[in-house]
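What follows is a set of notes on a single structure, which appears directly below.
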Amino acid sequence: MADAALGVLFQDLNSLIQREFGLLWGVQKDMEKLSSTLSTIRAVLEDAEAKQVKSKAIKAWLGKLKDVAYDADDVVDEWSTDQYTLQTQPSIDSSLNCICDQVHCSSSSSSCFDVRRLVFRYKIAKKIKQITRKLDGITKEMNDFNLIEMNVERGVTEFNRSRVTSSVLYEPKVYGREVDKEKIVSFLLDNLNCRNDVCVCPIIGIGGLGKTTLAQYVYNDERVGEYFDKKMWVCVSEDFGVERLTKMIIESFSEKSCDLPSLDTMQCQLREMLKEKRFLLVLDDVWNENQDVWHRLKSSLLFGAKGSSIIVTTRLQTVASIMGTIPAYELSLLSQDDCWNLFRHHAFGMGNEEKPNLANIGQEIVRKCGGVPLAAKALGSMLRFKSDEREWMLVRDSEIWDLERDEKNIILPALRLSYNNLSMQLRQCFAYCSIFPKDYEMNKIQIVHLWIANGLIQSDRNMELEDIGDGIFKELVWRSLFQDIKEDDLLSTITCKMHDLLHDLGSSVLIDECLRIEVVQFDNIRKKVRHLTLLDTQSVPSGLDQLLLSQASLRTIFFPFSHQIEIPQPCLFIIFQLKCLRVLNLRYVNIKALPPWIDNLKHLRYLDLTGCSLKSLPNSIGCLRNLQMLCLGQNGLITLPPSMAKLEQLRYINLSSNPFTSLPESICSLTNLRTLNIKWCLRLEGWPKLMIKSMGNLKHLLNECCAGLSVMPIGIGKLTRLETLNCFVASLEDGRGANIEELQGLSLLRGKLQITKLERVGNSMNIKEVSLINRDSLLSALTFSWTSGENPGTSSVNCLDVLEALQPHLNIRELKISGYPGVRFPRWMEMEMTYDSHQRLMFPQLIQISLIDLPNLEKLSWDCEVKHRFSSLQHLQIHNCPKLKTLPTALSSLTTLSTLSIKKCELLEMLPELGVQGLTSSLEHVSIDTCHALSSVSEGLKHLQSLRFLWIENCPKLEFPTECFEHLIALQHLTISMCPKLVSLPDGLKQSASSLKELNVFYCKNLIVLPDWMRDLKVLQELLIQDCHSDLIRRCEKDKGEYWHKIAHIPKATIR
């Protein structure tokens, strides 16, 4: 991290020398000497970083250097900040006024201002001299180490998008664990005779061996999914709090947040959830060695059905002995062949030819990995694009392999090599991420802005800081230093995690700078901690105020809370006095009001006050001249102070979920703003008048779910750098808002775009030039929306022309059409057409089509060409099309279709056989809801041998003949609701006996018969029949009813 401070400092010092210091008090020589000294030190930093692993003296020297570099950075930052203040506010403070009085400057404001400037320069000059003396001593020590000058200006590896999108991280292959998986799966499927209420299988092994990967491999096995009613995954890590884990298990089970107030209520809820269900729970990365704590958690896990199991992954034999009900499964090292295959997969890529000379060296490197998968993966990823044989030999012959190591840290040399091979900038950014708690889900946008705030990303005239940070993030992903990558539906990375061993590596780099606490313990806490993280706990640890008082040099305070929490006022008072802070994250801390002395934080770059119950901001917030990222979401703000206009360095502001009715004009002064987030500002009605004129640097305008915004600002097409725009509201031609043709200027838009109020577009010629058809467009999801009743004069012909003109580009992935009043669709959706005479119009990337609220649509005129036009379509939604009478037979041509949802199509009479017969192997999920004319589904369903989920609701005319549901041999979940013609479960359902796990029947008033073959449904785990015929309830009464013997074998059967 020394290079981070030195790099920024070096740039700023050169700027300082070239600008205003001149010859004042001889400081220019000091400045030039300081700059020269820094250049000398930076030249040997690379060698020092490498040698500190074996030399305590060099490590201590680097620690001293970091401290001085940080102090110098504070001085330079103070100069640049106060220099700006001097220029804009001549009256700095009373002390300077006194000096002005003493030198009789009252008669001339310009003379007075010059004296203030001289005094300020003098103060800075004294500090520069002090730092120069310290660096002189550090330089003398450096000469004793015989460090070698090396080139450190490597920067970030040039990033190639195609390289990462084809990365094995996104399609992982598991090597050497097939036998291990089969053994554990066999145990899980054959534990009905387990003597315990729940069987616990520990998987034990050293760090980096692949315990989590094996657990995931087992968890996602198809046989396991079919055997268990419910699967849950909880990442435990070092915090084994019973309340925390109970909550996490409930959330994993229900797939929604748990807001229950106490442990008792959560335990009752969990017991009820698990009751008579065969479940699989994975507790990953367990460190708890307290048997009593485990028993408290386990007491709520004893209510599942026979065969329920828990998998525990751990490094500790004591954990396995405490928790396990069977002997632990000890994971072995990978064989040389498997380790080589894993390394080769990452080093050369799938299907790529390997170079024999590199392969031979690679085999020797793999032998040094000791059979540890994480080591092979990290080194393979590191060498992926290194074709020089010498670079491979440097890794093979590194002295780091010779470090003393035992079985537990066998992997660390390999990870250290991977780390050392990073550029200085990548190292700094990677190490900084260890401020997060272990297993923390890191948000990419947050990470990048934290790097920027701490000066870890150095500016490039040709690239935005955020783009450089994005490249660094992708580089770390590509090198396997980040894992568990999560993407949104459009393949854009959202979050990631660090493996705990890589987290340990980052922590070792920042061991003297970073402090993560759950309980305040003052033993061995260094006086100059730079980064403080308070772990997510239910309450603030006592002694936090004393700790904060002892750490005046803090640069980062990070409170990663997921719930609102109270922090004692003395702690908050101290926090807002810490003048060196660059990052202050008080997310969900119940502050209610910021103190006016927040202007003390003049170095602050990053301020997160999300969910802090703020009603207003003090005017002094405008003094935070260095602020770059400001998060104010989920508060009660209705306006912003005028002083916000002074935050000229602000690049990102989040105002989401606040009750603003309008954005203040002061926001227009934020000329460096790149991201404006106003999502879910439901009351927001207008835009600032000068927004377009002054915000030309804006790249991301996040305006999703702003129902009150009825127009877009006139001139939005001039924001030509805009890459993200969630929603564009079309305007009438009355001059109140931007016309739709302004989209033509926004050629860089990417991601999702919703165009609403299309009924206002009176002339399709206005949108002929809109660039949605641009083949180079990066837009991946489009929504075209009309609002019914707003413009009654809209004709079906006009809206057809409008939709015709809005033809998407060929690489679109998601398409939604909502409220469209036309009778038919445009040619680009229904007929074969071409861009030219040689090319058929196709949408090869399109995976989802949603047709919602189409009041006049009578049919889909799809012909056999639809299979070429939508060759990748997976999801089709047709909702609220009241005049739609039939589905096209060409539907059967969509052989990739996996989900079909039909809702509120009240004239639809049947699911045609020809319409779905080609979907035998693809269609897995069918939902039919509120189709009042629907009388038959038998013919349509009988071909769907891959169907797993079927939901039929509110179809009053639907018949259920005996052969209904025949051939549904893969069906697992069936729900029938509000279908009065259902009298008995059709015999065709017998063919699902080996697959059906859940059967629900609701509000079918005439259901009175349960057939004898119900006893053959051996796999069925849950039967729920509710509000059907009253006689059926009596016949199914436990141990008494005439049907009880037919359902007694079902673990959870409820008839009510």
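The values are calculated or read from the model by the stated rules, or taken from the named source; none is laboratory data. In this text the structure is predicted, and so the values were computed from the model without any measurement. Cβ sites come from the backbone with ideal geometry, for glycine too, and all protein chains shown count toward neighbours. These accessible areas exclude ligands, DNA and RNA; they are computed on the full protein's heavy atoms, side chains included. Shrake-Rupley method; radii C 1.70, N 1.55, O 1.52, S 1.80 Å.
Details
- Taking a straight Cα-Cα cut-off under 19 Å and skipping sequence neighbours fewer than 8 places away in the same chain, the lysines within cross-link reach of residue 527 are 59, 64, 66, 134, 579.
- The base-10 log of I(q)/I(0) for segment 927-1056, evaluated at q = 0.19, 0.20 Å⁻¹, reads -1.07, -1.20 [Debye formula, identical scatterers on Cα atoms, solvent excluded].
- The C-alpha atoms of the chain define a longest principal axis, and helix 373-382 lies at about 60 degrees to it.
- For segment 573-609, the list of trypsin sites (Lys or Arg not before Pro) that fall in a loop by DSSP and count at most 14 other C-beta atoms within 10 angstrom reads 592.
- Helix axis angle, 796-805 relative to the chain longest principal axis, alpha carbon, degrees: 50
- With bins 10 Å wide beginning at 0, the percent of Cα pairs of segment 285-384 falling in each bin runs 14, 31, 18, 19, 14, 3.
- Summing +1 for each Lys or Arg and -1 for each Asp or Glu among the other residues whose beta-carbon sits under 9 angstrom from that of residue 1041 gives +1.
- Stokes-Einstein D in µm²/s, Kirkwood radius over Cα pairs - the chain at 4 °C with 1.567 mPa s viscosity: 39
- Distance violations [Cα-Cα > 23 Å] among 230/1018; 867/904; 474/602: 867/904; 474/602
- Positive-end residue, the chain charge dipole about Cα centroid, Cβ charges, pick of 417, 452, 596: 596
- Peptide ranges 846-858, 557-569 listed from the most packed, as the mean C-beta count within 10 angstrom indicates: 846-858, 557-569
- Nearest 10 degrees, 0 to 90: helix 263-274 Cα axis against the chain principal axis: 40
- Within segment 949-1051, GluC sites (Glu not before Pro) in DSSP loop having at most 16 other beta-carbon neighbours inside 10 Å: 959, 963, 1037, 1042
- Accessible surface, the chain, averaged per residue in Å² (probe 1.4 Å): 42
- Couplings for segment 546-555, taken from phi via the Karplus curve 6.51 cos²θ - 1.76 cosθ + 1.60 with θ = phi - 60°, read 5, 4, 4, 4, 7, 10, 5, 9, 4, 10 Hz in order; Gly and Pro are left as x.
- Straight-distance crosslink candidates among aspartates and glutamates, where the alpha carbon sits under 18 Å from residue 444 and sequence neighbours closer than 8 are dropped: 464, 466, 467, 470, 475, 484, 487, 488, 489, 608, 723
- J(HN,Hα) series, segment 418-427, from Karplus relation 6.51 cos²θ - 1.76 cosθ + 1.60, nearest Hz, glycine and proline x: 4, 5, 4, 7, 6, 5, 3, 5, 5, 4
- Among the trypsin sites (Lys or Arg not before Pro) in segment 221-309, those placed in a DSSP loop whose Cβ has at most 16 other Cβ atoms within 10 Å are 256, 275, 306.
- Percent accessible area from carbon and sulfur atoms, the chain, protein chains only, probe 1.4 Å: 48
- Taking amide H positions as modeled 1.01 Å from N, with prolines and chain starts lacking one, the residues under 5 Å from residue 557 and 5 or more places away or on another chain are 532, 583, 584, 585.
- Taking one quarter of the surface of the convex hull spanned by the alpha-carbon atoms of segment 875-957 gives a direction-averaged projected area of 4.3 nm².
- Dividing the C-alpha radius of gyration of segment 608-667 by 2.2 N^0.38 Å, with N its residue count, gives 1.02.
- Summarising the amide proton neighbourhood of residue 662: residues at separation of 5 or more, or on other chains, whose placed amide H is nearer than 5 Å comprise 685.
- Of all DSSP-defined beta bridges confined to the chain, some 5% are antiparallel rather than parallel.
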